[in-house]
Amino acid sequence: MRVDNNNAAGGKKLFFNKETAEKIAAEIGTPYYIYDEKGIKDTVRELKSAFGGIEFKEYYAVKACPNPYIISLLKEAGTGVDCSSYTELLMAKACGFSGSDIMFSSNVTPAEDFELARSLGAIINFDDITHIEFLEKHGGIPDTICLRYNPGGDFRISGAIMGAPGEAKYGMTRAQIFEACRILKDRGVRTFGLHSFLASNMLGDEYWESLTEVLLGLSADIFSETGVTVSFINLSGGIGIPYRPEDKPVDIYKVADSVKGKIEGYCTEKGLPVPAVKAELGRYITGPHGVLVARVIHKKNIYRNYLGLDACAANLMRPAMYGSYHHITVLGKEDLEPARIYDVTGGLCENNDKFAIQRPLPETDIGDLVAIHDAGAHGFAMGYNYNGKLRSAEVLLKEDGTYRLIRRAETPKDYFATFDFPGAEIKL
Ligand SMILES: *Cc1c(COP(=O)(O)O)cnc(C)c1O
């Protein structure tokens, strides 16, 4: 079993303090998610500034934090949205997105999803060559199409394996990309884009540079094989965040400069028109700016020492699902020595329901609030109802220091809402 050796004291900064956390808890109870408006806005501003000087657009991956208040905040900050399902499209629509401000990067796509995406005028990002015929029947072929490429094999950066596209269900082979370009050109598509997502949560500064190289090389081959010009490359997501205190954050300016450099060099050398750059970042934009706040409701000492929280893996699945590290701060005890080793758990009947395993923390008491860091992407979103556990509330901490409830917590009534069981009226 993996052991976490991080020091809680001097670890990671929070965008709120114990006083604020307790005030919110007094109003809405625990657990809850809290998001930092300023942090999210600043990250978008930096990203846009880093990619200044070229045609660049970020389409926030809605699946990472599907709350319309967060999505609207991102709209204000100037991003588009990347959707992958019917309901994500509905949320994008409700937030006022339409047309080329929506990227639709789906796979195993139901007919009604394509129909809705087309009616909103979204850019369709094709996952498979068979989707051409499918879309023709369900929504029709638009002027602009993005094609998702899967190079197969292993994806390496400087020799090191970073991902295994050959095992991934996404995208099309090289031969299929050429074929798709030919077919779509015949069907009247005028603007082509190329997309690929080859590795996740990448902390080095080289991932997008390597990916740009892959997509530019393919663009040149597409042009010589089919006469189709690729107008934009879609670098998708995959930029990582420093989950561990010792992780070095990605230098987005360095990333942007290397992408711009590759494009300039390549297009000059090959005499190709310079493509626009699109991105579908999720984790990088909101990940560090969301925290799960929970209360210690039990302590248990058997072969290990356990802190039992009122949140569980149903509220934040990443540690249980991937063994992911999420830093934990015991609020109000930031400056104390991490004198104890705890497993920090939720109450699911699953032994993988642990937010941290063998984690050094200060001596912690029942009633303490803990902050589970870097939960602003793929956190609440991956929640579920196993063991009848309920989804928590979400709160937005605004730039002016006030906060707003942006989603109430589920109640048992929500949990039972899809039952209509005759004779068994559940008293709530
Ligand atoms: C999940 C996903 C993203 C966002 O990924 P992050 O790792 O959160 O940046 C972007 N594009 C597609 C197609 C995805 O599936």
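What nm distance separates the two modelled labels at Glu206 and Asp400, each placed 7 Å from Cα along Cα→Cβ?
Distance between label points: 4.8 nm.
Run the dipole for segment 78-210 about the Cα centre, Lys and Arg Cβ at +1, Asp and Glu Cβ at -1, nothing else charged, and hand back the magnitude in debye, nearest 20. The partial results should precede the final answer.
Details: 11 positive and 18 negative charges, 63 e Å.
Once rounded to the nearest 20, the dipole reads 300 debye.
Any idea what log10 I(q)/I(0) is at q = 0.22, 0.25 Å⁻¹ for segment 83-188, Debye with uniform C-alpha scatterers and no solvent?
Once normalised to I(0) and log-transformed, intensities are -1.11, -1.29.
Output wanted: per-residue J couplings in Hz (rounded whole) for segment 143-148, from phi through Karplus 6.51 cos²θ - 1.76 cosθ + 1.60, θ = phi - 60°, x for Gly and Pro.
Once rounded to whole Hz, the list reads 6, 10, 9, 10, 10, 8.
Counting only heavy atoms of protein chains, what accessible area per residue, in Å², does segment 243-300 have with a probe of 1.4 Å?
Details: 2560 Å² over 58 residues.
Per residue, segment 243-300 has an accessible area of 44 Å².
Go ahead and estimate [θ] at 222 nm for the chain from helices alone: -39,500 (n - 2.57) per DSSP H run with n ≥ 4, summed, over the residue count, rounded to 500.
Values: 12 runs with 127 residues, N = 428.
The per-residue figure over the chain is -9000 deg cm²/dmol.
Just to be sure I understand: with springs between alpha-carbon atoms less than 10 Å apart, which residue in Lys63, Lys413, Lys260 has the highest mean-square fluctuation in the Gaussian network model of the chain?
In this elastic network of the chain, the residue with the biggest mean-square fluctuation among Lys63, Lys413, Lys260 is Lys413.
Once label points are set 7 Å from the Cα along Cα→Cβ at both Lys137 and Tyr384, what is their separation, rounded to one decimal in nm?
3.1
Take Arg408, Arg318, Arg295, Arg190 and sort them by solvent-accessible surface of the protein heavy atoms, 1.4 Å probe, largest at the top. Mind dumping the intermediate values first?
Working: Arg408 135, Arg318 15, Arg295 55, Arg190 175 Å².
From most exposed to least exposed: Arg190, Arg408, Arg295, Arg318.
When the accessible area of the chain is computed with all protein chains present and a 1.4 Å probe, what percentage of it is carbon and sulfur? Don't skip to the end; give the middle numbers.
Details: 9400 of 18980 Å².
About 50 percent, which is the carbon plus sulfur part of the accessible surface.
Treating cross-link reach as a plain straight distance, find the aspartates and glutamates whose alpha-carbon is under 15 Å from the alpha-carbon of Lys169, omitting any fewer than eight places away in the same chain.
Asp127, Asp128, Asp154
Run through all the Cα pairs of the chain and give the fraction in each 20 Å bin from 0, expressed as whole percent.
Distribution as computed: 25, 52, 22, 1 percent.
Taking the Cα-to-Cβ direction at Asn351 and at Phe416 and moving 7 Å from each Cα, how far apart do the two end points lie in nm?
For Asn351 paired with Phe416, the spin-label model returns 3.5 nm.
Just the accessible area for Cys267, please: 1.4 Å probe, Å², rounded to the nearest 10?
10
Provide the FRET efficiency to the nearest 0.05 for the Ala164-Val108 pair, computing r from the beta carbons and using R0 = 22 Å.
Details: r = 20 Å, r/R0 = 0.90.
After rounding, the FRET efficiency stands at 0.65.
Which of Gly53, Leu316, Thr87 sits farthest toward the positive end of the charge dipole of the chain, with +1 on the Cβ of Lys and Arg and -1 on the Cβ of Asp and Glu?
Result: Leu316, furthest along the dipole toward the positive end.
The values are calculated or read from the model by the stated rules, or taken from the named source; none is laboratory data. Just so it is clear, the model here is predicted, and its values are computed rather than measured. Every residue, glycine as well, gets a Cβ built from its backbone with ideal geometry; the counts of neighbours run over all protein chains shown. When the accessible area is computed, the model is the full protein with side chains, heavy atoms only, and any ligands, DNA or RNA have been set aside. Shrake-Rupley method; radii C 1.70, N 1.55, O 1.52, S 1.80 Å.
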